[in-house]
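Before any comments, here is the structure.
The values are calculated or read from the model by the stated rules, or taken from the named source; none is laboratory data. None of the values given here were measured: they were computed from a predicted structure. Ideal geometry is used to build each Cβ from the backbone, glycine not excepted, and the neighbour counts take in all protein chains shown. All accessible areas refer to the heavy atoms of the entire protein, side chains included, with ligands and DNA or RNA removed. Shrake-Rupley method; radii C 1.70, N 1.55, O 1.52, S 1.80 Å.
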Amino acid sequence: MAQAYVTETGSGGSGPERRGSRLRRLRDDWRGDPRIWRRGLVLAALAVLFALVMLLHAQIPNRFGNLGSLTETFLPWLGVFVPVLLVLAVVRKSATALIAVLLPAVVWLNLFGGLLSDKTGGGGDLTVVTHNVNADNPDPQGTARDVAASGADVVALEELTASAVPVYENALAATYRYHSVQGTVGLWSKYPLSGAAPVDIKLGWTRAMRATVTAPAGQVAVYVAHLPSVRVKLEAGFTARQRDKSADALGEAIADEPVRGVVLLGDLNGTMNDRALNAVTAQMRSTQGAAGSGFGFSWPASFPMARIDQIMVKGIEPVTSWSLPETGSDHLPVAARVKVDATAS
């Protein structure tokens, strides 16, 4: 008896062939659509706007609530809108929007693409860590243990309270023989410290200091700073005047530093993109930007969105830079290993 064989056309069909058919249908739909260039003009305008904001961020004025600095603080996050616009352009079947989305994508990659690569290296002879420990830290002893476990040769701590200082001193004493606390910042070192003194950053109280670390490879001038916090206020916008004034004073102190090799450790309450920190950033290199992997965001610790905790160097070669695990603080500790030039002293 003859049997009839029927070809099944259900889900068991050829996967690649069906996908290819879908792509061809999509291409044909777009090719035959007379409105493909007229749709999505609003999306295209948004794409151009985002590109211009990133490209011309330095031209956004700070006169109105420090809007320029606020934009620069979170500038990398504008890249999040690129895939969103891309998806919307596809949904809208807009060739104009698709082409326009290329603009912010290219600008973002030009600004931040270099941070996506891994630039970490080996070697170096001095490991440094900085950490804003948070004045309300519920476990300062645990935070001190975590920092000491990093293996750093030099540790800078910011936002120290009078009651917490003895806790940090006791917890770090076994690892770090030398230390100095000036106001609300402190420096702990495995190597001798000399010339430890406050740095006047025009606040009226001490939130910055400087000391010379005599490392095996040579002397290094180490600055520790905690610049004033910035606030977003409804009536005043992004207020940062005191932070900006302190940044200028810190930049002057570093520019006048007689020791050639300089390391700056601290919570600067601003990113490397923030023009308000130009007095500092124009003369120093970020270890994360030069020798890190990724953006190295440090705040807030629960979901880091910005790198406001910085390690910067001058006259010293950064080798690698990274973030440490979360402690009891609202900031992440950040670390770097550098190569000290013995002739830089």
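Which length gain, in nm to one decimal place, applies between ALA173 and TRP77 when the Cα-Cα distance is subtracted from 0.36 nm times their residue separation?
That works out to 30.5 nm of additional length.
Label points 7 Å out from Cα along the Cβ direction at GLU252 and SER117: separation in nm?
Calculated label separation equals 4.0 nm.
From the square roots a ≥ b ≥ c of the eigenvalues of the alpha-carbon gyration tensor of region 65-202, which class results: rounded (a/c under 1.5), prolate (a/b over b/c), or oblate? Please report the intermediate quantities before stating the final value.
Details: a/c = 2.98, a/b = 2.46, b/c = 1.21.
It comes out prolate by the Cα gyration axes.
Averaged per residue, what accessible area in Å² does region 251-345 show with a 1.4 Å probe, protein chains only?
Using a 1.4 Å probe on heavy atoms only, each residue of region 251-345 averages 35 Å².
Rank ALA335, VAL128, VAL42 by how far each Cα sits towards the positive end of the charge dipole of the chain (+1 on Lys, Arg Cβ; -1 on Asp, Glu Cβ) and give me just the farthest.
Going by the Cα projections, it comes out as VAL42.
So if I place +1 on the C-beta of Lys and Arg and -1 on the C-beta of Asp and Glu, and nothing else carries charge, what would the dipole magnitude of the chain be about its Cα centre? I want it in debye, nearest 20.
Around 1560 debye, computed over the chain.
Work out from phi, with θ = phi - 60° and the Karplus expression 6.51 cos²θ - 1.76 cosθ + 1.60, the ³J(HN,Hα) of each residue of region 331-340, listed in order in whole Hz, and give x for Gly and Pro.
10, 8, x, 10, 9, 7, 10, 10, 10, 8
Quick one: compute the contact order of region 209-326, relative version, from alpha carbon pairs under 8 angstrom and 6+ residues apart, as a percent.
24
Where a Cα-Cα gap under 17 Å defines reach, which lysines qualify for LYS190, not counting those fewer than 8 residues away within the same chain?
Leaving aside lysines fewer than 8 places away in the same chain, those within reach of LYS190 are LYS339.
In whole Hz, with x marking every Gly and Pro, tabulate ³J(HN,Hα) for region 38-55 from phi via Karplus 6.51 cos²θ - 1.76 cosθ + 1.60, θ = phi - 60°.
8, 7, x, 5, 5, 4, 4, 5, 5, 4, 5, 4, 4, 4, 5, 4, 5, 6
Working with all protein chains in place, sort ILE99, ILE311 by solvent-accessible area computed with a 1.4 Å probe, largest first.
Numbers: ILE99 95, ILE311 0 Å².
Greatest to least solvent exposure: ILE99, ILE311.
To the nearest 10 degrees, how steeply does helix 15-31 sit against the main Cα axis of the chain, on a 0 to 90 scale?
Between helix and principal axis, roughly 90 degrees.
Averaged per residue, what accessible surface does region 82-201 expose to a 1.4 Å probe, in Å²?
Heavy-atom SASA per residue in region 82-201 reads 45 Å².
What per residue convex hull volume, in Å³, comes out for the chain when only alpha-carbon positions are used?
Details: hull volume 74.4 nm³, N = 345.
Spelled out: Cα convex hull of the chain, divided by residues, is 216 Å³.
According to the Cα gyration tensor, what semi-axes, each the square root of 5 times an eigenvalue, does the equivalent ellipsoid of region 157-221 have, listed from largest to smallest in whole Å?
Working: eigenvalues 82, 60, 8 Å².
In descending order the semi-axes read 20, 17, 6 Å.
Of all the accessible heavy-atom surface of region 87-172, with the other protein chains kept in place and a 1.4 Å probe, what percent is carbon and sulfur?
Here carbon and sulfur together make up 59 percent of the probe-accessible area.
Only residues of region 79-100 count here: report those whose backbone N is under 14 Å from the spot 7 Å along Cα→Cβ of ASP33, or say none.
Residues 86-99 fall inside that zone.
Taking a probe of 1.4 angstrom, what is the accessible area of ASP118 in Å², to the nearest 10?
It works out to around 100 Å².
As a test of reading the structure, rank GLU317, GLU252 by solvent-accessible area (1.4 Å probe, protein chains only), most first.
Working: GLU317 95, GLU252 115 Å².
Accessible-area ranking of GLU317, GLU252, largest first: GLU252, GLU317.
Considering only protein heavy atoms and a 1.4 Å probe, what is the carbon-and-sulfur percentage of the accessible area of region 280-345?
Summing carbon and sulfur atoms, their accessible area is 60 percent of the total for region 280-345.
Starting from 0.36 nm per residue, how many nanometres of slack lie between TRP205 and ARG63 once their C-alpha separation is accounted for?
Taking TRP205 through ARG63 to full extension adds about 48.4 nm, to one decimal.
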